[in-house]
Amino acid sequence: MDAIEKELDRLTNGANLSKSVKEIDKCLELLLAARTTIENDPSATISTLQTLEPGLKAGFQAANESLKGLHGGIGKYGKALDKKFKTTNTKEYPFGALGNSQPLINRAIMMHLLREGNFEIAEMFSQEADLAGSVPSVLELEFRELFSIQESLRRKELQPAIEWAEKRRDSLESRASNLEFELHRLQFLVFLFEGGAGGQRLALEYSKSRFLPFQKKYLPEITRLAGCLVYREILSTSPYATLVQDDSSWQSIIDAFTTEFCAMLRLSAESPLYVAATAGTIALPTFNKMSTIMKAKKTEWTSQNEIPFEVPLPDKFKYHSIFVCPVSKDQTTDSNPPMMIPCGHVLAKDTVQKLARGTGSRYKCPYCPADSFPKEAREIYL
């Protein structure tokens, strides 16, 4: 990796297009001047063009010369990447799970563009991919509001986010979310440290007017905030030093707000397209290895709706627990989900049907003396 970083640093430091841009600007000035001369005196066309030609050639030559270093840097960086990471023949795999799902892929792309705040591009993509109506217009309005509030938070303006949270206090409390309190907490600290000479007074007045609804649940945190008022000038060396805010505090509140906003829309905090692309990138080396083994052994991938090997994904990409039926030893799927029977034990749906012999008759639990009917089993969601 050292060689890659070295070439990347060289490329970054040497990737300067200013010389080329200046030369092109000079050529444009020559062209504009020549056009003006010809418009004023058409009889001077030939002489003007003859005078113009050497200047243009010199300008283009100088622009190309200044690009040689950039092209060389890109070439060396590419060679360093190829040397470090072995490339394989990336032909299309015959097991594309989304081969017939182009509309879903297009919708995921559009949703990603909306999440990123690229609304004009999303509109253009919707027209070109014929996605009219696939994404409700109200959802686009919601994402516009999300992006607007995110931008406010990046400017360290908390009021729009606070107003949004206050309007949805009941919904946030039902999710056991602490977003509203964290917003007020951060605003208190902003007043305290950025409020100038009257910062302590502003922070104290704000705490009196806003923290009352949170006393029951967040009294220790509120008490700690009140205590830091007297240490404002020496907070970094006080018992309240951890309250000093930095850029990570703002990024954390932006992430928390985004999570809660998307949860209100019944959407994941991260773009599904980003998650799928990242997880797929992580899995590619394993897929390549499996493909090599399959070719060597002349075997085929026969399993459906699942891959025949484990992909080591980060914990943040593991959204569901895996349940294996203790009787059949099969991993549950959407068509064969885990079912909890009245005695509390959990079996796969197919196992329940087999125990009841497919007739809906009473059957005995394999792990306790309890009897039950298949219709009494309840699907559980992991």
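The values are calculated or read from the model by the stated rules, or taken from the named source; none is laboratory data. All of these numbers come straight from a predicted model, not from anything done at the bench. Neighbour counts are summed over all protein chains in view; Cβ atoms, including those assigned to glycine, are modelled from backbone coordinates with ideal geometry.
Things to note:
- Some residue of the stretch 342-354 being aliphatic (A, V, I, L, M), buried (at least 16 other Cβ atoms within 10 Å of the Cβ) and either at pLDDT below 90 or in a loop (DSSP other than H, G, I, E, B) (or both): no
- Contacts under 8 angstrom Cβ, first residue in the stretch 360-380 being on the phi > 0 side of the Ramachandran plot, partner outside any loop (DSSP other than H, G, I, E, B) and loosely packed, with under 12 Cβ neighbours inside 10 Å, 6 or more apart: GLY360/LYS375
- First in the stretch 45-69 and under 19 Å from SER20 (Cα atoms), second anywhere and acidic (Asp, Glu) and surrounded by 12 or more Cβ atoms within 10 Å (Cβ to Cβ), Cβ under 8 Å, 6 or more apart: GLY59/GLU23; PHE60/GLU23; ALA62/GLU23; ALA63/GLU23; SER66/GLU23
Residue by residue, here is whether (1) modelled with pLDDT under 85; (2) over 30 Å from LEU141 (Cα atoms); (3) assigned to a helix (DSSP H, G or I); (4) among the aliphatic types (A, V, I, L, M) holds:
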| site | (1), (2), (3), (4) |
| --- | --- |
| GLY227 | yes, yes, yes, no |
| TYR231 | yes, yes, yes, no |
| PRO239 | yes, yes, no, no |
| SER252 | no, no, yes, no |
| ALA276 | no, no, yes, yes |
| PRO312 | yes, yes, no, no |
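- Selection within the stretch 320-332 - exposed (fewer than 14 other Cβ atoms within 10 Å of the Cβ) and closer than 26 Å to SER268 by Cβ: HIS320, SER321, ILE322, VAL324, GLN331
- Tallying residues that are surrounded by 13 or more Cβ atoms within 10 Å (Cβ to Cβ) and either farther than 19 Å from ALA161 by Cα or among the acidic types (Asp, Glu) (or both) within the stretch 224-254 yields 13.
- Scanning the stretch 131-155 for residues that are surrounded by 13 or more Cβ atoms within 10 Å (Cβ to Cβ) and not in a helix (DSSP H, G or I) yields LEU131, SER134, VAL135.
- The stretch 364-382 - residue that is among the hydroxyl-bearing types (Ser, Thr, Tyr) and under 45 Å from the mean Cα position of the chain (by Cα) and, of those, surrounded by the fewest Cβ atoms within 10 Å (Cβ to Cβ): TYR381
- Members of the stretch 159-177 found to be in a loop (DSSP other than H, G, I, E, B), surrounded by 16 or more Cβ atoms within 10 Å (Cβ to Cβ) and more than 22 Å from the chain's Cα centre (by Cα), listed by number: ARG168
- Lone qualifier among GLU221, GLU233 - being in the same structural domain as TRP164 (by TED's automatic domain parsing) and in contact (Cβ under 8 Å) with a residue 12 or more places away in the chain: GLU221
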